[in-house]
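Asker: Let me give you the structure first, and then I'll get to my questions.
The values are calculated or read from the model by the stated rules, or taken from the named source; none is laboratory data. In this text, all values refer to a predicted model and were calculated from it rather than measured experimentally. Neighbour counts run over all protein chains shown; Cβ positions are idealised from the backbone, glycine included. These area figures cover heavy atoms from the full protein model, side chains too; ligands, DNA and RNA do not enter into them. Shrake-Rupley method; radii C 1.70, N 1.55, O 1.52, S 1.80 Å.
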Amino acid sequence: MPRHLAHPSAERAPAHKKAGGDEFLLAPVDFPELREYLLEAGTRHRERLEANQLRSEIARKSTFCEMIGGSEAMQRVYEILRRVAASNSTVMLRGESGTGKELAARAIVSLSPRRNQPMISVNCAALPETLMESELFGHEKGSFTGAHAVHPGQIELADGGTLFLDEIGSLSLPLQSKLLRVLQERVVQRIGGKSPRKIDFRLIAATNDNLDQMVKRGQFREDLYYRICVIPVFLPPLRERTGDVPLLLDHYLRMYCTAGDLPQKRFSPEALQVLETSNWPGNVRELENLAQRLALMVDGDLIEVQHLPDKVIQENTAKQDEILVPADGLDLDDELARIEVAYLTAALRRAGSKNGAATLLQISKEKMKYLCRKYQINQSG
């Protein structure tokens, strides 16, 4: 709303605007001017509401259990996750690093009958084999040097709920054998334990390894492979998710600006275009890290091309160069001739005559006639 004071000073206007006023008027108020300000303020308010409603609608259609993406590729993933969530089947999440496999696992759990039971996550690549065995299967007191107390394993803790094994391809062959027994018999035995314990859990596994190749090379047990690949779900890389980069950037930028109590920022159209054409080898994780860095490091509310990392800009330049000059080269004379013909025919279509086309192309009539003869373009006038 516009604000006015009985005895204001112009120097106080910035303070009133900072306090939330749209305009600052000096008394005595010019009522026609006030009416105009009110109409403008109403229009701006309506536009903000419409923009917020549109953003909310886009967010509703482009999110799924904390996963963000409205692309066709992600919509297919969401549909598969919905279907598998209600069952008790083992799910294998596959995809490059940073594509959101753990988020997908959490989405499955949140929609499953086990949603109120524990979800135990284990990164199989995080620990050496000796410690991983104890972490997964647990141990009894005194079962080995340093085992000073009973330690239930992560599999045991997942009883009644869900066990998420990330980077399952990192498990050694002996641990793969032990895991296979657990899955076959639904029992787990702690290291040093005398009797196995019955266990009921749903397994969700994830990997960015090519398990098919690992099976052929003898690095992954074939019987375990078929046991865990009941329902394979592929998480697409960011470069195959057309239209998702702006959505993700907007989400992470707002999130980190809000978390850091920073002014909200946005990307210029040119910067967004560069980011959309990037490869993103680290996928969503890499993009999130970039958004966090830009939220902290860029002054002002607009993030432009010069604020982007050199690597991203150079990659974009290299792509443009590759489009212009392919790896096997080109015939420059033929390429320039093709461009000239395209401009000449377009101008002729628009103008309907050579004289008119010459005017559009800002060349002489004589040159226009010469070029038409050169490229054998027939057009009267």
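Asker: Considering only the stretch 357-378, I want to know if a residue exists there that is in contact with a Ser or Thr (Cβ under 8 Å, 6 or more places away or on another chain), surrounded by 14 or more Cβ atoms within 10 Å (Cβ to Cβ), at pLDDT below 90 and over 22 Å from residue 239 (Cα atoms). Working first, answer last.
Answerer: We begin by selecting, within the stretch 357-378, every residue in contact with a Ser or Thr (Cβ under 8 Å, 6 or more places away or on another chain); these are 358, 377.
Still in the running and surrounded by 14 or more Cβ atoms within 10 Å (Cβ to Cβ): 358, 377.
Narrowing the set further to residues that are at pLDDT below 90 leaves 377.
So of that shortlist, the ones also over 22 Å from residue 239 (Cα atoms) come out as 377.
Yes, the stretch 357-378 contains at least one residue that is in contact with a Ser or Thr (Cβ under 8 Å, 6 or more places away or on another chain), surrounded by 14 or more Cβ atoms within 10 Å (Cβ to Cβ), at pLDDT below 90 and over 22 Å from residue 239 (Cα atoms).
Asker: OK, next. Can you tell me which of 270, 288 is assigned to a helix (DSSP H, G or I) and either crowded, with 16+ Cβ neighbours inside 10 Å or touching a residue at least 60 places away in the same chain (Cβ under 8 Å) (or both)? I'd like the intermediate steps shown before the answer.
Answerer: Numbers: 270 fails: either crowded, with 16+ Cβ neighbours inside 10 Å or touching a residue at least 60 places away in the same chain (Cβ under 8 Å) (or both).
Every option except 288 fails the conditions.
Asker: State which residue is least open to solvent (accessible area, probe 1.4 Å) when the search covers only the stretch 291-309 and only residues that are more than 24 Å from residue 96 (Cα to Cα) and of a type in the set (D, E, K, R).
Answerer: 304
Asker: Let me ask something additional. Which condition from (1) more than 21 Å from residue 64 (Cβ to Cβ); (2) at pLDDT 95 or above is the one that residue 103 breaks?
Answerer: Looking at each condition in turn, residue 103 falls short on (1).
Asker: I need a count of the residues in the stretch 122-146 that are under 18 Å from residue 164 (Cβ atoms) and in a loop (DSSP other than H, G, I, E, B).
Answerer: Qualifying residue count, the stretch 122-146: 4.
Asker: Looking at the stretch 95-122 only, could you name the residues that are touching a Ser or Thr at 6+ places or on another chain (Cβ under 6 Å) and of a type outside the set (Val, Ile, Thr)? It would help to see each step written out before you state the result.
Answerer: At the first step, the residues of the stretch 95-122 found to be touching a Ser or Thr at 6+ places or on another chain (Cβ under 6 Å) are 109, 114, 119.
Listed by number, the residues that qualify are 114, 119.
Asker: Any residue in the stretch 84-111 that's under 21 Å from residue 184 (Cα atoms): show its pairings with residues that are assigned to a strand (DSSP E or B) and charged (D, E, K, R) at Cβ separation under 9 Å, as long as the two are six or more apart or on different chains.
Answerer: Close Cβ pairs satisfying both conditions: 87/202; 88/202; 89/202; 90/202; 91/202; 93/166.
Asker: Just need a number here: residues in the stretch 63-121 that are in contact with a Leu (Cβ under 8 Å, 6 or more places away or on another chain), assigned to a helix (DSSP H, G or I) and open to solvent by 70 Å² or more (accessible area, probe 1.4 Å).
Answerer: Residues in the stretch 63-121 being in contact with a Leu (Cβ under 8 Å, 6 or more places away or on another chain), assigned to a helix (DSSP H, G or I) and open to solvent by 70 Å² or more (accessible area, probe 1.4 Å): 1 in total.
Asker: Then there's this: Check the stretch 94-103 and report whether any residue there is among the hydrophobic types (A, V, I, L, M, F, W, C), in contact with a Gly (Cβ under 8 Å, 6 or more places away or on another chain) and on the phi < 0 side of the Ramachandran plot.
Answerer: There is no residue in the stretch 94-103 that is among the hydrophobic types (A, V, I, L, M, F, W, C), in contact with a Gly (Cβ under 8 Å, 6 or more places away or on another chain) and on the phi < 0 side of the Ramachandran plot.
Asker: Considering only residues that are modelled with pLDDT under 65 and closer than 19 Å to residue 106 by Cβ, which ones fall in the stretch 38-84?
Answerer: Step one: list which residues in the stretch 38-84 are modelled with pLDDT under 65, which gives 50-61.
Once the filter is applied, which keeps residues that are modelled with pLDDT under 65 and closer than 19 Å to residue 106 by Cβ, the stretch 38-84 yields only 59.
Asker: Find the residue count for the stretch 333-350, including only residues that are under 41 Å from the mean Cα position of the chain (by Cα) and of a type in the set (Lys, Arg).
Answerer: 1
Asker: Which one of these does residue 115 not meet: (1) under 31 Å from the mean Cα position of the chain (by Cα); (2) in contact (Cβ under 8 Å) with a residue 24 or more places away in the chain?
Answerer: Answer for residue 115: the failing condition is (2).
Asker: Taking residue 262 as meeting all but one of (1) more than 14 Å from the chain's Cα centre (by Cα); (2) surrounded by 13 or more Cβ atoms within 10 Å (Cβ to Cβ); (3) not in a loop (DSSP other than H, G, I, E, B), write down the number of the exception.
Answerer: The failed condition is (3).
Asker: Continuing with the same structure: If only one of 139, 148 is free of Cβ contacts under 8 Å to residues at least 24 places away in the same chain and at negative phi, which one is it? Talk me through it step by step, then tell me what you get.
Answerer: Numbers: 139 fails: free of Cβ contacts under 8 Å to residues at least 24 places away in the same chain.
On inspection, the qualifying residue turns out to be 148.
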